[in-house]
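The values are calculated or read from the model by the stated rules, or taken from the named source; none is laboratory data. Small disclaimer: the values here were computed from a predicted structure and weren't measured. Cβ placement follows ideal geometry from the backbone for every residue including glycine, while neighbour counts extend to all protein chains displayed.
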Amino acid sequence: MSPPDDDPDRSDGRSPGDDGRDDGHAPSDDGRDAGSEAAITPERDRLLLDAMLGGLASYLRICGYDAAYALDRGIEDDGALRTLAAEEGRRLLTRDRDLAARTPGAVRLTEPEVVDRLRELREAGVRLEPADRPSRCGACNGPVERIGPGDDRPGYAPDEGPLWRCLDCGQAFWKGSHWDDVAETLASL
């Protein structure tokens, strides 16, 4: 009989959570491979990006993901990342092979450039489509709400069109050129 998966003295030489594969994608908690179709969606999955993946945050937030960035939380330590992911029910995205192997449901990315990482995410089954409307703050990941027609609009925002405000940091958002650029990049993958 082999030791349980959480036994630090495993006889097979693998670390806990390591299923022995070398494809860079850890299995999810529900047994699905992160590489399977529609494995990760903004309606179901909250994400945690490690310190090496901050450039993905705004793309994922525009797609509707609750995508926390480790450095925004002052976290770099692997143990603290694993704890935060578990406590908040987040799927970890990381470039660290060992960390991905030790973290259930983690997705390991290998590419250095953001667009290539987005391709990796799509290939791993992450749904990457801009949401119909903003739901997360691009700056801090806080939830956003629509600013009503009678509410004050900040001077830096366009005079017309829908506008949203972050409930945490107060920043205003609209679907402008940045949103269009992200949508174009995602469509080109």
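General observations
- Long-range neighbours under 6 Å by Cβ, at least six apart or interchain, first residue more than 16 Å from Asp116 (Cβ to Cβ) and touching a residue at least 12 places away in the same chain (Cβ under 8 Å) within the stretch 166-189, second among the hydrophobic types (A, V, I, L, M, F, W, C) and exposed (fewer than 12 other Cβ atoms within 10 Å of the Cβ): none
- Test: residue in the stretch 98-109 that is in contact with a Lys or Arg (Cβ under 6 Å, 6 or more places away or on another chain) and in a helix (DSSP H, G or I): yes
- Residue check for Thr110: under 19 Å from the mean Cα position of the chain (by Cα), loosely packed, with under 14 Cβ neighbours inside 10 Å and touching a residue at least 60 places away in the same chain (Cβ under 8 Å): yes
- Subset of the stretch 55-106 [in contact (Cβ under 8 Å) with a residue 40 or more places away in the chain and of a type in the set (S, T, N, Q)]: Ser58, Thr94, Thr103
- Every residue from the stretch 95-131 that is acidic (Asp, Glu) and under 18 Å from Asp77 (Cα atoms): Asp96, Asp98
- Selection within the stretch 42-57 - more than 12 Å from Arg117 (Cα to Cα) and either part of a helix (DSSP H, G or I) or acidic (Asp, Glu) (or both): Glu43, Asp45, Asp50, Ala51
- Residue within the stretch 141-155 that is touching a Phe, Trp or Tyr at 6+ places or on another chain (Cβ under 8 Å), farther than 16 Å from Trp174 by Cα and either modelled with pLDDT of 95 or more or crowded, with 20+ Cβ neighbours inside 10 Å (or both) present: no
- Out of Gly79, Gly64, one residue alone is at negative phi, modelled with pLDDT of 95 or more and not polar (S, T, N, Q). It is Gly79.
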